[in-house]
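Worksheet for the structure shown next.
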Amino acid sequence: MWFSSELRIVGAPWRLSFSVGRRDHNRICLTNMIVERQKLSRRELIEAYLKYEASKPTKNLAAPSDIDEWDWNNPNAIDQKLRSNCFKWGIVSGFKCWQHVTLFREDLLKCAIVNDIFPGESQVLSDLVSLPDFWSWRPDRPTEWYDRLNGGGPFSREWALILRPAVSSECPAVWYIEDGGGRAVCFLRRLIRENDQTNVACGYLGEDPDSSSEFMASRYPELLSRAEGRG
């Protein structure tokens, strides 16, 4: 089956339907993924990301002190600020708004992750679960999440994954995890091992790619083309 995360407006702005999905009262569902909140601003997403990154003792990073002065309508200026403060840039600034989502096991299986976790293998989690390395993988540095997730703890909101729609080269993935691939691997294998259908992860899904972003124009023109086609 082909899955799509593309949405269309039906009637009033708060009533949405998806090409594959279901609606659950006031929450919107993509396949099993639940959209808990729509239209988070770029600033909200980046502030949540900066807070989490700055909390990691291994990173030794500090949240920028001049954040109130940033030009939040200019993704390229935001990228310069992020880079100068040693934070990831590009994707977090490359979408105008975001969705706060809840992901079930089936949603995680439809995600792709960075290829340096399992070099030379598929990046799609549904393919990786058949590998022995998937079941033995652990991070190569201390983390605040590994022992808790591996030991059965809940997926904390502060560990939220940062996702975007997958591009053609990442097929058959529906989404790509830009930040949090290790957390997704650890949590997914626990869900599979324990046949857990109820525990969920949380994340932020990029919703509206910004055509003024130099990063998006150079790296993900396909996402910009899709957005133009929907417009």
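What follows is calculated from the coordinates using simple rules that are stated; it is not laboratory data. All values reported here derive from a predicted model rather than from experimental measurement. Ideal geometry is used to build each Cβ from the backbone, glycine not excepted, and the neighbour counts take in all protein chains shown.
Things to note:
- Counting only DSSP beta bridges whose two residues both lie in the chain, roughly 85 percent are antiparallel.
- Label selected from (1) 74; (2) 62; (3) 57, the criterion being percent of Cα pairs over 21 Å apart as computed here: (3)
- A Förster radius of 30 Å combined with the Cβ-Cβ distance from Y146 to E228 puts the calculated FRET efficiency at roughly 0.15.
- A helix-only calculation puts the chain at -8500 deg cm²/dmol for mean residue ellipticity at 222 nm, using -39500 (n - 2.57) for each DSSP H run of at least four residues, averaged over all residues.
- Between C202 and L103, L161, the built amide H atoms are under 5 Å apart, and every one of these is 5 or more places off in sequence or on another chain.
- Packing, taken as the mean count of other beta carbons within 10 Å per residue, orders the peptides 179-186, 190-197, 215-222, 46-53 from highest to lowest as 179-186, 46-53, 215-222, 190-197.
- Put simply, when 63-70, 207-214, 100-107 are sorted by average Cβ atoms within 10 angstrom per residue, most first, you get 100-107, 207-214, 63-70.
- Annotation for R193 and Q38: the two label points, set 7 Å from Cα along the Cα-Cβ direction, are 3.9 nm apart.
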